[in-house]
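The values are calculated or read from the model by the stated rules, or taken from the named source; none is laboratory data. None of these values were measured; they are calculated from a predicted model. Heads up, the Cβs are rebuilt from the backbone with ideal geometry, glycines too, and the neighbour counts pull from every protein chain shown.
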Amino acid sequence: MQYKSQAVAKPYFIAAIGLFVGQILFGLIIGLQYVVGDFLFPEIPFNVGRMVHTNLLIVWLLFGFMGAAYYMVPEESERELVAPWLAHLMFWIFLVAGALTVLGYLMVPYAKLAELTQNTVLPTMGREFLEQPTITKIGIVIVALAFLFNVGLTVLMGRKTVVNLVLLLGLLGLAVFFLFSFYNPDNLVLDKYYWWWVVHLWVEGVWELILGSILAFVLIKTTGVDREVIEKWLYVIIAMTLITGIIGTGHHYYWIGTPEYWQWWGSIFSAMEPIPFFMMTVFAFNMVNRRRRNHPNKAAMLWALGTAVMAFLGAGVWGFLHTLAPVNYYTHGTQITAAHGHMAFYGAYVMINLTIISYAMPLLRGRKAANSERSQVLEMWSFWLMTVAMVFITLFLTGAGVLQVWLQRYTATPQPFMAVQDQIALFYWLREIAGVVFLAGLVTYIASFFVGSKEPEAAAEGASATA
Amino acid sequence: MTYALASAVAPRRYPPGDLAIWIFILAELSVFAAFFAAYAFGRLGQVELFNAYQQTLDRRSALINTLALITGSYFVVRATAAIREDDSRGCFDWLLAALGMGTLFVVLKSAEYAHHLGEGIHLGTNRFYMFYLSLTFFHFMHVLMGMVILAAVALKARRGGYSAAEHTGVETGGAYWHMVDLVWLILFPLVYVMR
């Protein structure tokens with residue numbers, strides 16, 4: 001750790017991992033409710049459990065991104081953070097607001113929560129992923145503004161690098177597009193239309209910039225490849241991301257009442273969205289192959305390469321599977337979507353967060369470069385457990401989805417939704433088993449922070465093992 | 001002879017320019033290829049409609065634009081040849097001329113858009129106009145992007161930022177401009193002429 005203020009990243013990373021655990025537990029609960037419908041009913045109805053599962057995901061990823069920014073920006077800007085105290089303050093505000101919101105979901109019926117939080121004054125509740133009470137949303141905006149002020153000013157006053165600027169652009173976009181969560185038109189088509197400006201333009205737009213810059217940062221640090229080379233790749237990748245991703249929003253506009261041209265635009269541009277992800281894969285492997293030194297943090301390298309591969313598979317390949325309008329006509333809103341959602345979020349955004357945590361956490365905890373050998377071995381085990389489990393979750397959901405599309409929509413004698421759900425129950429059971437393996441991976445991951453802490457740091461391959 | 005001399009100074013690399021721009025060009029061409037394929041596919045179902053509305057396009061203006069882009073590309077080639085002989089001034093002048101051709105394209109294309117929009121045509125009018133407007137506008141944005149790149153290269157050339165030994169930037173910008181030109185050479189016959 002080169003700058004003292006980078007230390008503010010630590011609580012953000014810890015909170016992120018804590019919320020990650022919550023997300024997975026709720027994932028297992030609702031996964032089981034798919035096949036055991038009354039499990040934990042009426043305490044945790046499926047819709048509430050699902051809301052907690054997805055909201056926790058988004059919040060912990062945001063914690064991770066903020067932690068990443070607080071860690072990266074001082075180092076890239078070559079100066080201390082402008083206001084570390086503000087970062088600490090915002091951490092607690094965000095955490096308390098997040099916890100209260102989740103408790104609200106769990107303790108009172110959603111309609112009651114809306115009433116309690118005066119939703120009628122400025123109605124923003126009731127939309128998937130953006131279920132937070134308006135007051136929480138306002139809190140998120142305040143946290144985001146304070147965060148951008150802190151990080152932005154540090155960048156402006158320090159050294160400007162491509163990594164810094166791309167990161168800042170991504171974070172700025174994240175904040176700006178969130179504002180559309182306050183726009184809640186009565187017209188259902190317009191409602192969905194702008195809803196996607198938050199959801200799609202986040203995950204297939206500005207978040208990709210954040211992903212790209214974090215990946216570039218970690219690769220610069222671990223491979224020792226010239227910054228110029230890595231920055232050039234970053235430029236090309238983000239340009240392609242924006243060209244394909246922005247108009248690619250159209251793949252959500254096929255059947256919601258928007259004009260026909262969206263079927264063409266959405267199909268053409270989103271079919272090209274895998275390109276920047278593929279570039280990322282080529283980029284990551286290329287940089288690691290051209291590395292000038294072996295970094296002792298092998299776990300971080302594994303996460304970085306894993307992100308590049310899994311993001312391409314989950315976001316790129318599984319996204320392409322159902323992105324063309326004629327295909328989506330049948331697959332819209334089926335388990336195919338769930339399959340894509342799981343692997344894309346894990347491959348792109350969970351893994352990039354775990355990459356930067358893996359790289360930064362040892363340094364934040366006082367190590368020179370990396371954790372002990374034993375800790376890293378455990379962490380790499382967790383990588384494989386979680387990643388392989390996620391591959392299986394995705395494959396089982398894809399199987400469920402294909403069967404669902406066939407039985408419910410494609411065949412000459414379509415069957416009702418619930419009749420089909422019964423017939424694909426086997427896949428849901430298998431998905432749940434894979435989910436348990438994922439949890440085992442997550443437990444292993446957390447254990448890696450506590451194992452071998454007192455042992456010496458791992459040495460880089462090829463270096464003498466004296467450290 | 002001077003060409004050979006220049007080569008002796010700086011051994012010719014392949015591909016010219018920065019490798020990153022070639023990856024970018026490849027990606028961009030893929031997007032256009034998908035667009036052209038979609039056009040062909042979309043036309044299949046409504047051949048008569050496409051043929052009928054194709055007649056409403058201004059082919060003369062598009063032909064002039066084709067010549068403008070080809071000429072612009074030629075000027076870029078001259079600019080690259082100039083810098084290979086260490087002639088920064090010449091490089092700048094030729095790039096300026098290429099930018100002039102780009103401007104001509106932008107003006108003529110804007111006039112076409114003004115005409116169509118004035119007639120109340122929009123993306124939802126019919127499938128042909130949807131493709132015509134989207135394809136040409138997507139290309140139009142690339143012309144603007146290419147002009148920004150050429151302008152940046154030209155400014156650096158004027159400051160003497162390139163030499164016979166090191167002029168990767170000129171080749172990089174040139175490669176992108178040729179791509180913009182190449183796409184139009186497919187777009188023009190496909191949308192304006194072929195029946």
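Structural remarks
- On inspection, A:Thr154 does not qualify as part of a helix (DSSP H, G or I), within 23 Å of the chain's Cα centre (by Cα) and not aliphatic (A, V, I, L, M).
- Wholly within the stretch A:249-320, helices (runs of 4 or more DSSP H) carrying at least 3 residues that are within 26 Å of A:Leu190 (Cα to Cα) and of a type outside the set (Phe, Trp, Tyr): A:261-271
- Scanning the stretch A:292-323 for residues that are surrounded by fewer than 19 Cβ atoms within 10 Å (Cβ to Cβ), at pLDDT 95 or above and more than 19 Å from the chain's Cα centre (by Cα) gives a single hit, A:Leu321.
- Residues of the stretch A:381-431 that turn out to be closer than 17 Å to A:Leu442 by Cα and surrounded by fewer than 19 Cβ atoms within 10 Å (Cβ to Cβ), as a count: 5
- Helices (runs of 4 or more DSSP H) completely within the stretch A:358-467 that count 3 or more residues being in contact (Cβ under 8 Å) with a residue 24 or more places away in the chain: A:373-405, A:425-447
- Of all the criteria given as (1) in contact (Cβ under 8 Å) with a residue 12 or more places away in the chain; (2) within 14 Å of chain A (Cβ to nearest Cβ); (3) closer than 26 Å to B:Ala40 by Cα; (4) not aromatic (Phe, Trp, Tyr), the one not satisfied by B:Gly146 is (3).
- Residues satisfying the stated conditions in the stretch A:207-221, i.e. surrounded by fewer than 23 Cβ atoms within 10 Å (Cβ to Cβ) and free of Cβ contacts under 8 Å to residues at least 60 places away in the same chain: A:Ile220
- Residue within the stretch B:8-26 that is β-branched (Val, Ile, Thr) and more than 21 Å from B:Gly161 (Cβ to Cβ) present: yes
- You will find that of B:Val170, B:Val180, the residue that is more than 13 Å from chain A (Cβ to nearest Cβ), surrounded by 13 or more Cβ atoms within 10 Å (Cβ to Cβ) and touching a Phe, Trp or Tyr at 6+ places or on another chain (Cβ under 7 Å) is B:Val170 and no other.
- Residue that is farthest from the other protein chains (Cβ to nearest Cβ), among those in the stretch B:149-167 that are touching a Ser or Thr at 6+ places or on another chain (Cβ under 9 Å) and aliphatic (A, V, I, L, M): B:Ala157
- Only listed residue being assigned to a helix (DSSP H, G or I) and touching a Leu at 6+ places or on another chain (Cβ under 8 Å), chosen from A:Met72, A:Met66, A:Met90: A:Met72
- Count of residues meeting criterion [within 17 Å of B:Trp184 (Cβ to Cβ) and among the polar types (S, T, N, Q)] in the stretch B:92-129: 2
- Scanning the stretch A:222-262 for residues that are within 11 Å of chain B (Cβ to nearest Cβ), polar (S, T, N, Q) and surrounded by 23 or more Cβ atoms within 10 Å (Cβ to Cβ) yields a count of 2.
- Flag for B:Met101 being farther than 17 Å from B:Val191 by Cα, within 14 Å of chain A (Cβ to nearest Cβ) and in a helix (DSSP H, G or I): no
- Where A:Gly341 falls short, out of the listed (1) without any contact (Cβ under 8 Å) to a residue 40 or more places away in the chain; (2) within 14 Å of another protein chain (Cβ to nearest Cβ); (3) within 22 Å of the chain's Cα centre (by Cα): (2)
- Taken over the stretch A:107-118, the criterion of being surrounded by 15 or more Cβ atoms within 10 Å (Cβ to Cβ) and either at pLDDT below 95 or in a helix (DSSP H, G or I) (or both) is satisfied by A:Tyr110, A:Leu113, A:Ala114.
Residue-wise test of (1) touching a residue at least 60 places away in the same chain (Cβ under 8 Å); (2) within 12 Å of chain A (Cβ to nearest Cβ); (3) on the phi < 0 side of the Ramachandran plot; (4) touching a helix residue (DSSP H, G or I) at 6+ places or on another chain (Cβ under 6 Å).
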position: B:Val107; (1), (2), (3), (4): no, no, yes, no
position: B:Ser110; (1), (2), (3), (4): no, no, yes, no
position: B:Tyr113; (1), (2), (3), (4): no, no, yes, no
position: B:Gly120; (1), (2), (3), (4): no, no, no, no
position: B:Gly124; (1), (2), (3), (4): no, yes, yes, no
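- Residue count, the stretch B:26-80 (criterion: within 12 Å of another protein chain (Cβ to nearest Cβ), more than 15 Å from the chain's Cα centre (by Cα), surrounded by 14 or more Cβ atoms within 10 Å (Cβ to Cβ) and aromatic (Phe, Trp, Tyr)): 3
- Flag if A:Phe283 is at the interface with chain B (Cβ under 10 Å from one of its Cβ atoms), touching a His at 6+ places or on another chain (Cβ under 9 Å) and crowded, with 23+ Cβ neighbours inside 10 Å: no
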